[in-house]
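Taking it in order: structure first as structure tokens, then the write-up.
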């Protein structure tokens, strides 16, 4: 990833040892300059104004004010790309909803174990965050609900969705707009293990469709959304007249496990013109070739546009290679799908 100048980063964490360890670790990268550190949100607020960082790394659990409350106050007044650093907790989804670009899980056992992997992941996500658009992330799509229609064709149809950075909120905006009477949906969101289960449970509690983390052999049925587990690839297959998912361990594809391309390629082969493919915000190119294969096999394909993407990477690559039939704003995707299902 080529960066034209060093990314200025402010590190916010209440632990002195962890704060300094993070600052030293990410500061060793040639593309990053740690311009300061802060022990709480009030100190961070002052240093943001003074130092004008490009990216903020933010602990969730802090004294005086937690990271989520700080984000809610910060983003409307001073939109800034934020990478949350957190223990394993569904608090990260509250942080993403409040405007954070992405998150990294703190290493087990504090700063000793798994430190190198943690620092490397944080560096990558800081660089991605530096290119993210955050000023529009809190647009209100709450009036985007669509109602079921008797003429909507859900028989043996499949909707496949792939996303990465910014995708947790984008996927939510799409699925929460759907009525329960929708074709089965399969989703790959680049996310670590454990968090995919938490994410599925949160969606299940707020959406009309049933949402669960996929398990090997799950049947794809209308009204159900299956989220790929964070440490396994997911593909679809046929069992009699039904579609099922297969979840399996494997090497990373395009740098990811689960990979969008693994899912999309299987949908192209098994569902062909019964499928709708959607590629949403994210860094990189995972899913682009799979979406093109879906299109060539008769599927309708949709890409999120640049204006509504947090990171216009995956949708751009897909669009550039001719994989996208229709490129639209995030808020327009649910109604477009509804229209497609009502016609075919």
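No lab work stands behind these numbers, since they all come straight from the coordinates. Predicted, not measured: the structure shown is a model, and the values here were computed from it. Ideal geometry is used to build each Cβ from the backbone, glycine not excepted, and the neighbour counts take in all protein chains shown.
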_For q = 0.10, 0.11 Å⁻¹, Debye-computed log10 I/I(0) when each Cα of the chain counts as one equal scatterer_ = -0.58, -0.70
_Between 0 and 90 degrees, rounded to the nearest ten: what's the tilt of helix 16-27 against the longest Cα principal axis of the chain?_
70
*Angle, helix 260-270 long axis vs. longest principal axis of the chain, Cα atoms, 0 to 90°, nearest 10?*
0
*asked:* Taking the Cα centroid of segment 58-114 and of segment 282-344, what is the distance between the two, rounded to the nearest whole Å?
replied: 30
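Quick check on segment 210-344: take the gyration tensor over C-alpha atoms, sort the square-rooted eigenvalues as a ≥ b ≥ c, and tell me if it's rounded (a/c under 1.5), prolate or oblate. Let's see the in-between values first.
Values: a/c = 1.59, a/b = 1.20, b/c = 1.33.
Here segment 210-344 falls in the oblate category.
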*Taking the Cβ of each residue in 159, 124 as the centre, tally the other Cβ atoms inside 10 Å and list the residues starting with the fewest.*
124, 159
_Can you say what percent of the DSSP beta bridges in segment 194-245, counting only those with both residues inside, are antiparallel? Round to 5._
60
*Taking a ≥ b ≥ c as the square roots of the eigenvalues of the Cα gyration tensor of segment 246-294, is the shape rounded (a/c under 1.5), prolate (a/b larger than b/c) or oblate?*
oblate
*Sum -39500 (n - 2.57) across every DSSP H segment of at least 4 residues in the chain, then divide by the residue count to get the 222 nm mean residue ellipticity, nearest 500.*
-10000 deg cm²/dmol
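If packing is taken as the mean number of other Cβ atoms within 10 Å per residue, what is the order of 48-54, 330-336, 96-102, highest first? Write down the numbers at each step before the final one.
Working: 48-54: 15.1, 330-336: 18.4, 96-102: 23.9.
Final packing ranking: 96-102, 330-336, 48-54.
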*asked:* With the crude spin-label approximation of a point 7 Å out along Cα→Cβ, what separation in nm comes out for residue 24 versus residue 326?
replied: 5.5
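According to the Cα gyration tensor, what semi-axes, each the square root of 5 times an eigenvalue, does the equivalent ellipsoid of segment 7-129 have, listed from largest to smallest in whole Å? Present the calculation step by step, with values, prior to reporting the outcome.
Working: eigenvalues 73, 54, 36 Å².
Listed largest to smallest, the semi-axes of segment 7-129 are 19, 16, 14 Å.
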*Give the angle, between 0 and 90 degrees and rounded to the nearest 10, that separates the Cα long axis of helix 333-343 from the longest principal axis of the Cα atoms of the chain.*
0
